[in-house]
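J.: Take this structure first; my questions come after.
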Amino acid sequence: MKHDDESTTRNEGGERLQSVGETIFPWLSDIQARLAAPMRECPKCHEMTLSGMGTCDPCTQKREAEAEEERHRDALAPALESVKDRFRWAEFGHPDFAKYEISAPAVAKCRAIPLRGIITLTGGSGVGKTTAAVARFHAELRVPRDQRRWGYTSRFIACREIGRETMTHKIGSDFGPKTREAFAAHLLVLDDLGAEGESKPVAERIEDIISERADSNSCVTIITTGLPLDKIAARYTDAIGRRVSQNAVIDMAARGRTKG
Ligand SMILES: [Zn+2]
């Protein structure tokens, strides 16, 4: 018969025999282990903790949660930073919606409309199209469960930026970065359709972006435009005219301010 230690013996079959202490007080061995283990101070919260490496368990969990949150923030940063500076404030419920006299019913529609296909916000300059589009964009990026789905590739891109890139990237060369993002974004605010100028290659590039996105089941496009819907068909193609109006059109001037 071989002795493992003072309290544990094995019978001839090798089966472990429990010590009296373990049988009667199952928690006793745990306490013994804790008493035997050296305690040390957690470098973060200075509570005494069981020996091991680094911080105590609660501190470690907190640090991991913070790191996860930071990864989220980093991943969302390009989406948030793509918004033009002067619209970064735009969040539903922000008092400036009232200050700028942006139509409350139109804003409410913008906030509630299901995100799918193409959503077009129309109205003259100063009615708050871009502000409302950005508020919805921000709202989607703030929903944690949707961040992975929407957040990381979502972008705010002005048609003018697509125009500039199209004119500087010569025929046959690759798309510029904004143009690539406009094709790839899960949620895209395509700002100020019509403001990109009248050049044919630019119009065709914008048409390609809208058509490709309209055909996708997984991405959503919020278009803002000062062009009346009938002018969109005339300026681009009938197909584009249909696409920008087939799902949802919100007239931001409706029952809002009349000043341009
Ligand atoms: Zn700690």
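Where a number appears in this text, it was derived from the coordinates with a stated rule and is not lab data. The model shown is predicted, which means the values in this text are computed figures rather than measured ones. Heads up, the Cβs are rebuilt from the backbone with ideal geometry, glycines too, and the neighbour counts pull from every protein chain shown.
J.: Ranking request for peptides 233-244, 94-105, 131-142: highest mean number of other beta-carbon atoms within 10 Å first, then the rest in descending order.
T.: Per-residue Cβ counts within 10 Å, averaged per peptide and sorted highest first, yield 131-142, 233-244, 94-105.
J.: Further, regarding this structure: Using a simple spin-label model with points 7 Å from Cα along the Cα→Cβ vector, what separation in nm is obtained for His94 and Phe183?
T.: 3.2
J.: In nm, what is the difference between 0.36 nm times the number of residues separating Ser245 and Arg116 and their Cα-Cα distance? Could the numbers behind the result be given before it?
T.: On the way: separation 129, 0.36 × 129 = 46.44 nm, distance 1.27 nm.
In short, 45.2 nm is gained.
J.: In addition: For the stretch 82-251, what is one quarter of the convex hull surface built on the Cα atoms, given in nm²?
T.: Orientation-averaged projected area of the Cα hull: 9.4 nm².
J.: Between the stretch 186-225 and the stretch 28-107, how many Å separate their Cα centres?
T.: For the stretch 186-225 versus the stretch 28-107, the Cα centre distance is 36 Å.
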